[in-house]
Amino acid sequence: QVQVVESGGGLVQPGGSLRLSCATSINISSINIIGWNRQAPGKQREVVALITSRGHTTYEDSVRGRFTVSRDNAKNTVYLEMSRLSPQDTAVYYCHVLWTGKYYWGQGTQVTVSS
C-alpha cells in the first residue's frame, strides 16, 4: 500500500511563509514525478509545482518566485516552501506521486492566508 501524507498547513497572515511536507512510503529516488497541487473552494484542482527524479522543477505562473519545491531522498520527503503568501493562496494543498505508471495522492493539508 502506497502512502502519501501531507503536513505543515495552517493559518498564516498575508506576506507570511509556510513549509509543507509530503512524506511517502516509497523510496522517492525511484519516483519519476512528485507534484504539489491545490484546490480552492469552488475552483478546480491545479498543479502548482513539480519535481522530477533528477531534481528538475516547474512552477505554475502565479507561484513562480514565491514557492520552492525540493526533495530530501534520505527522508523520503518532498517540501514546498511558500513565501509572500496572499489570500489567493488559500486552498487545500495535495501531494501526488507518479510511480510505476500510477498516481497516488495524499489527503491534503489546509492552508489559509488571512489577517
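Odds and ends about this structure:
- The chain - charge dipole about Cα centre, Lys and Arg +1 at Cβ, Asp and Glu -1, debye rounded to 20: 100 debye
- Sites listed here are GluC sites (Glu not before Pro) in segment 16-115 whose DSSP assignment is loop and whose Cβ has at most 16 other Cβ atoms within 10 Å: GLU60.
- Near SER30, once Lys and Arg are set to +1 and Asp and Glu to -1 for all other residues with Cβ below 14 Å from its Cβ, the sum equals +3.
- Whole-number percent relative contact order across the chain, with pairs defined as alpha carbons under 8 Å at least 6 apart: 37 percent
- Residues HIS56, HIS96 ordered from highest to lowest accessible area at a 1.4 Å probe: HIS56, HIS96.
- With Cα atoms defining each centre, segment 65-115 and segment 1-51 are spaced 2 Å apart in the structure.
- With contacts taken as Cα pairs under 8 Å at a separation of at least 6 residues, segment 19-87 carries a relative contact order of 36 percent.
The values are calculated or read from the model by the stated rules, or taken from the named source; none is laboratory data. Every value quoted in this text rests on a predicted model; they were computed, and no experiment measured them. Don't worry about glycine lacking a Cβ; one is built from the backbone with ideal geometry, like all the others, and counts go over all protein chains shown. Surface accessibility is based on the protein's heavy atoms, side chains included, excluding ligands, DNA and RNA. Shrake-Rupley method; radii C 1.70, N 1.55, O 1.52, S 1.80 Å.
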